[in-house]
1. Specify the residue that is modelled with the lowest pLDDT; the eligible residues are those in the range 199-215 that are among the polar types (S, T, N, Q) and either open to solvent by 50 Å² or more (accessible area, probe 1.4 Å) or within 13 Å of V229 (Cβ to Cβ) (or both).
2. Of everything in the range 160-179, what is closer than 14 Å to E134 by Cα and among the acidic types (D, E)? Give them in sequence order.
3. Here are some residues: Y15, Y54. Which one is open to solvent by 10 Å² or more (accessible area, probe 1.4 Å), part of a helix (DSSP H, G or I) and either modelled with pLDDT of 75 or more or on the phi < 0 side of the Ramachandran plot (or both)?
4. Which residue out of E138, E177 is of a type in the set (D, E), assigned to a strand (DSSP E or B) and under 24 Å from the mean Cα position of the chain (by Cα)?
Amino acid sequence: YERIDETCSTVDWIYLALKLFSITGESQYLDAVELSAMNGLLFEQNNLGGFDTYRSINRHEWGDSNNWGGEQTECCTMAGGWGLAQVALYTITSNDNGLSVNLPFQTQVTFPSDEGNLIAHQNITVDKYEFIQEINVENKTNKNQNVRVRIPSWSKSPGIQINDVLKKASVIDGFLEIPCQENSKIKIKIVHSMELRKIPARKNYLSKSTDVEVAGDANDKGLQYGPYVMMYSRELFPVSEKEIGIRLNTNENGQPVVSQNIPTEWRKKGAVPLFIEASLNSHGKVLLTPCSNLPFIRFTKP
């Protein structure tokens, strides 16, 4: 949750975490990739198609147009496209025992072998309060395969269905393990409930409860909803003051008021149609949205 960010640095961090996962198999590195890719990397993609450098994601810097970033074709755009490709390659991977679903991105893959093909398709749906993974695996081999699905650290009590039957399954070292018999199909559905959480300044949800703190003097707290870092439209509310109070509206269940209808003044594009009602202490009502949506909104000066 920094003042400025740069695509090249984000990609370096993502690729380092992916390589560390490939060496250790530890899911904590995939948690870092998910957070960075879904927010940082997508956030830095410009609506012209390239990737930006030095774009502020810290609210109190938005009043300075020098921190709005700009498309950099000679470095960030090349790194951004390559970074997206690396994330795609690691979303679902194979090993001697079967396959591993590592990241929640929509994809379809085929792993050929002398024994036949192992095919996997993952579909992602984001509802108001739930993040849903649907994974279909077709084992066309004469060998029993093991399907491992990573459960992100922000998801505390996921609902798990296997072949449309609700199951109680244990998560071991960050992964759910499901057997898939030879020459058979299996359908997996995982429903992750999303909660809005407050993140201390200079931290993220992975380091929230630790002593680890990113260098800097920013004191803005963050808001995170499931895997998404929530921001509000800088186009409508250019902000210059340092301290910004945010008040959330809640429903009868104590949940935030969430809409998936894109506001009329926004471009009809974006990574995730997800908007949470809130108020600023001095600017009236705002809509919080994943920061990966913000590149698709035009940037205007105050």
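1. In this case the residue turns out to be N204.
2. D164, the sole residue that qualifies.
3. Unique residue meeting the criteria: Y15.
4. E177
Condition check ((1) within 20 Å of P227 (Cβ to Cβ); (2) in contact with a helix residue (DSSP H, G or I) (Cβ under 9 Å, 6 or more places away or on another chain); (3) without any contact (Cβ under 8 Å) to a residue 24 or more places away in the chain) across all residues:
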| site | (1), (2), (3) |
| --- | --- |
| T91 | yes, no, no |
| S94 | no, no, no |
| G98 | no, no, no |
| S113 | no, no, no |
| L166 | no, no, yes |
| S170 | no, no, yes |
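The values are calculated or read from the model by the stated rules, or taken from the named source; none is laboratory data. Being a predicted model, the structure only gives us computed values, none of them experimental. Note that each Cβ is placed from the backbone with ideal geometry, even for glycine, and that neighbours are counted across all protein chains shown. Ligands, DNA and RNA are stripped out before the accessible areas are found, and what is left, the full protein with its side chains, is counted by its heavy atoms. Shrake-Rupley method; radii C 1.70, N 1.55, O 1.52, S 1.80 Å.
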